[in-house]
Each structure stands twice: as structure tokens, then as C-alpha cells.
1. Set Lys and Arg Cβ to +1 and Asp and Glu Cβ to -1, take the dipole of the chain about its Cα centre, and tell me which of Asn86, Leu247, His106 lies farthest positive.
2. Given a 1.4 angstrom probe, what's the average accessible area per residue across region 246-322, in square angstrom?
3. Roughly to the nearest percent, how much of the accessible area of region 312-371 is carbon and sulfur, given a 1.4 Å probe?
4. State, to one decimal in nm², a quarter of the convex hull surface area for the C-alpha atoms of region 325-378, i.e. the direction-averaged projected area.
5. Please sort 132-142, 157-167 by packing, taking for each peptide the average over its residues of neighbouring beta carbons within 10 angstrom, highest first.
6. When the Kirkwood hydrodynamic radius is evaluated over all pairs of different C-alpha atoms of the chain, what value in angstrom, to one decimal, is obtained?
7. Find the centroid of the Cα atoms in region 15-29 and in region 55-115, then give the distance between the two in whole Å.
8. Can you pull out the chymotrypsin sites (Phe, Trp or Tyr not before Pro) in region 214-266 whose DSSP state is coil and whose Cβ has at most 16 other Cβ atoms within 10 Å?
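The values are calculated or read from the model by the stated rules, or taken from the named source; none is laboratory data. In this text the structure is predicted, and so the values were computed from the model without any measurement. Cβ coordinates were reconstructed from backbone atoms using ideal geometry, including for glycine residues, and neighbour counts include every protein chain displayed. Keep in mind that these areas ignore ligands, DNA and RNA; they rest on the heavy atoms of the full protein, side chains included. Shrake-Rupley method; radii C 1.70, N 1.55, O 1.52, S 1.80 Å.
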Amino acid sequence: MASGKEQEQQGFKQAKCVKVHGPIIVGAGPSGLAAAACLSQQGVPSLILEKSDCIASLWQQRTYDRLKLHLPKQFCELPLLGFPANFPKYPTKSQFISYMESYASHFNIHPKFNHAVKKAEYDRVKGIWRVQTEHLEYHSRWLIAATGENAEPVIPEIAGCGKFKGAILHTSEYNSGSKFKNQRVLVIGCGNSGMEVSLDLCRHNAIPHMVVRNTVHVLPREMFGMSTFGVAMALLKWLPLRLVDKLLLLGANLTLGNTDQLGLKRPKTGPIELKNVTGKTPVLDVGALSQIKSGKIKVMEGVKEITKNGVKFMDGQEREFESIILATGYKSNVPTWLKGCDFFTKDGMPKTPFPKGWKGENGLYTVGFTRRGLLGTASDAVKIAHDIAGEWKAAKESIRSCNSHVIIHLDHDGAK
């Protein structure tokens with residue numbers, strides 16, 4: 001009977017092989033599209049493998065209706081093609097999807113949809129990456145992991161989940177609060193998604209309760225008529241990071257008041273430093289805080305146990321709920337398909353920190369893992385394309401030189 005390793009090798013041998021002349025890109029989200037566009041600009045072809053049936057599937061299939069970009073559009077543009085001038089400062093979900101589709105069309109990007117990568121592994125003997133889907137195996141000198149840090153929902157294990165008689169769903173399944181009218185709903189998580197879902201529930205006459213398990217930085221989306229993120233980026237050009245953090249918190253306290261009194265205790269580390277070190281994004285308030293102040297969104301402590309009709313909390317309270325929404329974020333799925341590689345942590349993030357985490361060994365690259373949003377994605381895509389283009393052009397020049405040498409050699413033979 002074949003061992004697990006032998007069965008895997010047999011799987012590779014049995015699959016029909018396809019040679020890819022440029023890089024293989026796994027994922028057709030913003031990261032994959034940006035990498036393909038930058039490569040195309042350098043004259044390098046590529047192949048995108050996408051498990052879903054569309055580009056930007058997280059945006060198209062797993063986001064709520066009221067979602068808008070949290071940052072102004074100039075901080076969310078992909079390389080080489082900006083947003084249409086008539087788009088608002090904070091584009092909507094449908095506008096962002098439209099931008100993605102126009103981007104793919106502009107750069108003539110045609111991913112292979114419904115091609116989930118089962119396994120990718122470097123063949124050290126042949127010096128190629130072997131990427132296996134259900135029916136085919138693709139070979140290339142280069143592999144770009146573009147599935148990003150938000151590939152799969154994080155579903156926490158909470159005691160008593162199986163007892164609850166109501167609905168439990170992740171925000172990836174949440175579209176609108178219209179289905180929850182007059183319901184008591186518990187939202188577990190207080191990041192940007194948790195805050196926005198709670199606000200959406202309020203606006204559809206539900207009764208949201210939001211669990212705040214840890215400390216959280218809440219900042220206004222705009223300060224004094226300017227984007228908070230834009231203010232931070234401008235200040236960082238001239239001032240030390242920790243001083244910028246202090247100024248942001250001063251502005252936040254003036255604008256929002258003391259959030260500690262609302263049950264939203266701030267971390268001791270400043271918002272930008274915390275983001276850089278841990279990847280934890282500050283919440284940019286778009287209206288939820290006023291609903292918390294008015295009591296329409298009730299802040300709760302951590303969950304101890306889920307019961308048949310509701311939840312027991314860490315502080316001893318027990319409440320009844322009709323539905324529970326998990327605003328618990330997303331994670332990378334790289335460890336499920338990239339094998340034999342020590343470049344990623346067990347959590348699927350590059351071990352090498354930003355700004356050098358975009359390049360691994362043996363032609364492996366990553367885009368969309370910077371924890372710095374679409375700005376980080378754009379930066380990585382440009383670097384990757386430039387790096388691969390150097391190898392691509394050198395290889396073409398080498399082939400051209402060899403062919404030229406053969407022609408000259410044949411001419412000499414013919415003259416004898």
C-alpha cells in the first residue's frame with residue numbers, strides 16, 4: 001500500500017501537465033490582478049488560477065451591502081490605473097467591484113476560474129514550481145501567492161455553539177440587516193466589520209449587542225474635514241511614529257470623546273505602531289459610536305458560553321438572542337495548498353516582515369500579505385514584476401544568443 005508521500009507524488013504524475021512560460025499567480029483578487037498588470041507592463045505573461053467563478057470574490061460574494069472603502073480612493077488604487085474621476089471619495093462596494101472589472105479588462109487579464117489549487121510544491125530537481133488543480137498540473141519557474149491575508153473566515157470555537165436554536169453566521173454570509181428586523185442580535189467582534197454590521201442592524205430596526213473582547217483603537221474616519229489616514233501619512237513624513245500616534249489620539253479624543261467610558265478601552269500602544277507590529281487595524285468610525293453613546297448598540301464583555309436561547313457573558317450576565325453574527329475576521333489559507341516551503345508561518349503569513357516579505361526562494365513571491373491594505377499590495381506588485389522581468393529578459397537574451405551562435409556555426413559549416 002502506497003504511503004501518503006507516494007500517493008501525493010502519484011497524483012502529480014497522473015495529472016496532465018501544462019507548461020506556463022511566465023509566472024503562475026494563485027488568486028484573482030486585487031493582489032493577483034495587480035501582479036498580472038505590472039508583469040504585463042514589463043512584457044511578462046502570466047497565468048492566474050482562481051478557485052471561485054469571478055475576480056475579487058471576497059468583495060463580490062462575501063461582503064455586506066453597505067460596505068464602502070474605509071480609506072479615500074487615492075490610497076486604494078492598484079498600480080498603473082486609478083479610479084474613475086467621477087467616483088466619490090469613499091467608493092461603494094459596487095463601485096470597487098466595477099473598478100476591479102475595468103482593471104482586468106484594461107490589462108487584458110483573463111484568470112482561469114473554478115481552478116482551485118490543491119497543492120503547489122517546488123521541484124528541486126527540475127527547478128520548477130508544480131501547481132496542481134483538480135484536473136491539471138501547471139509548471140513554471142515562478143509562483144506568486146496572491147490569495148492574501150483575508151482568504152478564509154475565522155470561525156472561533158465557543159462553548160455551547162451546538163445548543164443555540166437561532167442562526168449563527170459569519171460576516172462573510174451577512175448581506176443586510178433587513179433580515180434581522182426587531183431581532184436581538186449579538187455581534188461578536190468590534191473591528192471595522194463588527195462596528196459596521198452593528199450600525200447596519202440599528203438602521204434596520206434590529207437590537208444589536210456587540211461583544212468587545214479586547215482593547216481597540218477607534219478613530220474618526222475624518223479629522224477636521226480631512227481623512228485621518230491621509231493626515232497620518234502626511235505627518236509620518238516629518239515626525240516620529242510615536243509622536244504621530246499621540247497627535248492622532250489627541251484628535252480622536254477631541255472629536256469622539258473618551259471611548260473608555262463606552263466600554264471601548266484603548267490599547268497602551270498607539271494605533272499606527274500597533275498596526276505595524278501586530279497587523280491589528282484601528283476602527284475608523286462611520287457612525288457606530290454615536291449609536292453606542294445613545295444606547296442603541298449595547299457593548300458587552302466576552303462570551304463565556306452560548307446557550308439554547310442566548311449567551312452567558314464573562315461578567316456573569318445572561319441575555320437572550322435570536323441570532324449571533326461572528327465578526328471575527330479572516331485568515332490566510334496558504335498552508336492548505338503551499339507545501340514543502342518554510343517561507344510562511346503556520347498562520348500563512350511571510351516570516352520575513354514588511355517591507356521584504358514579498359520575495360522568497362526559488363522563484364516564490366507573495367503579494368497581499370503586508371497587513372497594509374491595498375497600498376501594500378500595490379507596492380509588492382511593482383517590486384515583484386520588476387524582479388521577475390529582470391530574470392525573464394535575461395533568459396530571453398540567453399536563448400537569443402544561443403540561437404545566434406547556432407546560426408553562425410551552421411554558416412561556417414556550410415562554407416567549408
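1. Leu247
2. Details: 4170 Å² over 77 residues.
It amounts to 54 Å² per residue over region 246-322.
3. 48
4. That works out to 4.6 nm².
5. Working: 132-142: 17.5, 157-167: 12.8.
Output ranking for 132-142, 157-167: 132-142, 157-167.
6. Taking the inverse mean of 1/r over all distinct Cα pairs, the chain comes out at 23.8 Å.
7. For region 15-29 versus region 55-115, the Cα centre distance is 23 Å.
8. Values: sites: Phe224, Phe229, Trp238; in loops: Phe224, Trp238.
Those that pass, being in a loop and sparsely packed, are Phe224, Trp238.
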